[in-house]
1. Condition first: open to solvent by 60 Å² or more (accessible area, probe 1.4 Å) and more than 19 Å from Ile85 (Cα to Cα). Now tell me which residues in the range 487-502 satisfy that.
2. Can you tell me which residue among Val464, Val481, Val460, Val498 is at pLDDT below 90 and assigned to a strand (DSSP E or B)?
3. Hey, can you tell me all the residues within the range 260-298 that are more than 30 Å from Gln349 (Cβ to Cβ) and either open to solvent by 40 Å² or more (accessible area, probe 1.4 Å) or assigned to a strand (DSSP E or B) (or both)?
4. Determine whether the range 327-335 contains at least one residue that is crowded, with 16+ Cβ neighbours inside 10 Å, at pLDDT 95 or above and at negative phi.
5. Please go through the range 238-254 and pick out each residue that is part of a strand (DSSP E or B) and either free of Cβ contacts under 8 Å to residues at least 60 places away in the same chain or touching a helix residue (DSSP H, G or I) at 6+ places or on another chain (Cβ under 8 Å) (or both).
6. Considering only residues that are open to solvent by less than 70 Å² (accessible area, probe 1.4 Å) and among the charged types (D, E, K, R), look in the range 231-241 and name the one that is farthest from Ser263 (Cα to Cα).
7. Would you check which residues across the range 462-495 are aliphatic (A, V, I, L, M) and either more than 15 Å from Pro442 (Cα to Cα) or in contact with a His (Cβ under 7 Å, 6 or more places away or on another chain) (or both) and list them?
Amino acid sequence: MPLFSLKLLKSDFLKAAAKHNGLATVITFLSLSALSNSAWADIQPRSASQNYSQKSLSNAGNPAAAALIVARKDPHVMTGGSFEIGGGVEYGNLDELFGKIDELSLLFNPPSEGDDGAGSEAPPSLENPDRDYLWEDLFVEYPELEDRLEIIKTKVVTTASLLALITAEGYGKAELTSEASFVLHEDFFGGTLLFGMAYKGNSEAVGIFEEITFDSDYAKAQLKTIPDFDENDPIQEIDLSDGISLFYNPANKRVKMSVDNDSLLLVKATKIAQFSLSYSRNVIQSDAGDLYLGVKPIFYRVGLTHTSTRIGEITDTEDLFEDIKDADFIYQNGFDVDLGIVWAADHYQVGASVNSLFEHTYEFPDFDRRSFTSLKILSQLNDQSSYTMERQLKLEAGIFTDQRHWSLNLELDANAVEDPMHDDYQWFTLTGGYAADSWWLPSARLGFSRNLAGSKLAYVNAGVTVMKFINIDVATTLDTVTLDGSEMLRGANIRLGVQFDY
């Protein structure tokens, strides 16, 4: 189960940003990072920027759409090619993320040599009981020990709760996207030939959590041994169950709690280049409408890497990202195919597409499993050891007026899929808009998107097309989050693109 995720694009600047202003500065910087280290994490669905009346050519949509767009020859759509860049951020609802991870790291460490527990809460001041004392009555005689047990239980519950909170809410994501597509031929064996390319890169710190099971009865029995020690005894390590230890110094009667646990931070990174050549054509013409089919073979060049650090071994979360910057990527080649179909009539159209038909799998480098004893942790590491481009069915429908000036469009991912960082996405998008024919009157669109899996976040989308060829689209969540003491929107992104003829 992931503790938190932090997608990174520019680790050179991450350390400085985190040191000065924490997570908010880090994520804000990531959204402005250089395009050469772009990330494509589906923070927003690619289709949210354009509705059906205003679709420009793109290699990210339905493979059957290119021939349809070329055949329409709409005065408000250019059909030579397109180029788009974008950036976005999304936050979990957890303040001071780095500080909380460092706090856990301190708790997971036993006291170092010479550490007498200074700064810890003092245990009760006790004298050794008589040797014939009934151990069952020790807590009655010394009620302070009951208090001590409650303090330990509170610490354990706090630790487990903090881990669970980070699991659910402690993440930050940033993405940059780049995509280009060009019509190579408008009548290639009766269809349209479209060339596309994109570069994707992302990095994420994934926390893997081993549950803490605290046995109060066992801990109570172990605490009963405290009165046996005198001030001349060395520091005692008292086992309280499930890797939880209490280090007790009889000389000054001070304690420190430690957790021996396999929970870890796994930092992963991917670099993905893709090149596609799609072919689409009209296969049926009738008075009722036209049927278009499309196929898009894709070549992938995928680079993967990772580093892992147990929480107890973390001295500074910022240093983790220096490790991933220096890690070696393992590169693999892959091939897949997308398929698409669209039925287009005068005032409506419906379509479907299947992405990643072959579901190619790419392997991360092997993990060093020797330092982990938890079978659950090892199982979760195995789950993180590969990335599969999962097959996804996308459904779409649109209605529009004459000449498609006004339109309403719906798109739905029929199933959820994981991205390279194992985050789930399944988008529902509803978009309406107006498309202008003139150069001086902008086209406009407004929509709503929700991730039906994973974060379950909803976005409001808005965009304009200026002078027929410049597209500007923005999206923002309605939810807010507190970061570094300031209330901010949980997610936002912007996309800039041009479409052109030649």
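1. Glu487, Leu489, Tyr502
2. Residue meeting the stated conditions: Val481.
3. So in the range 260-298, the residues more than 30 Å from Gln349 (Cβ to Cβ) come out as 260-273.
Asp260, Leu264, Leu265, Leu266, Val267, Lys268, Ala269, Thr270, Lys271, Ile272, Ala273, listed by residue number.
4. Within the range 327-335, one or more residues are crowded, with 16+ Cβ neighbours inside 10 Å, at pLDDT 95 or above and at negative phi.
5. Listed by number, the residues that qualify are Ile238, Asp239, Ile244, Leu246, Tyr248.
6. Ranking the qualifying residues of the range 231-241, first place goes to Asp233.
7. Kept after step one, since they are aliphatic (A, V, I, L, M), are these residues of the range 462-495: 462, 464, 466-467, 470, 472, 474-475, 478, 481, 483, 488-489, 492, 494.
Matches in the range 462-495: Val474, Ala475, Leu478, Val481, Leu483, Met488, Leu489, Ala492, Ile494.
Listed here are the residues, each with its yes/no results for (1) open to solvent by 60 Å² or more (accessible area, probe 1.4 Å); (2) within 20 Å of the chain's Cα centre (by Cα); (3) of a type outside the set (A, V, I, L, M, F, W, C).
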site: Phe428; (1), (2), (3): no, yes, no
site: Tyr434; (1), (2), (3): yes, no, yes
site: Ser443; (1), (2), (3): no, no, yes
site: Phe448; (1), (2), (3): yes, no, no
site: Ala458; (1), (2), (3): no, yes, no
site: Val466; (1), (2), (3): no, no, no
site: Leu478; (1), (2), (3): yes, yes, no
site: Val481; (1), (2), (3): no, yes, no
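The values are calculated or read from the model by the stated rules, or taken from the named source; none is laboratory data. Everything numeric in this text was worked out from a predicted model, so none of it was measured. Note that we place each Cβ from the backbone using ideal geometry, even for glycine, and neighbour counts take in every protein chain shown. Calculation scope for accessible area: heavy atoms of the full protein, side chains included, ligands and nucleic acids excluded. Shrake-Rupley method; radii C 1.70, N 1.55, O 1.52, S 1.80 Å.
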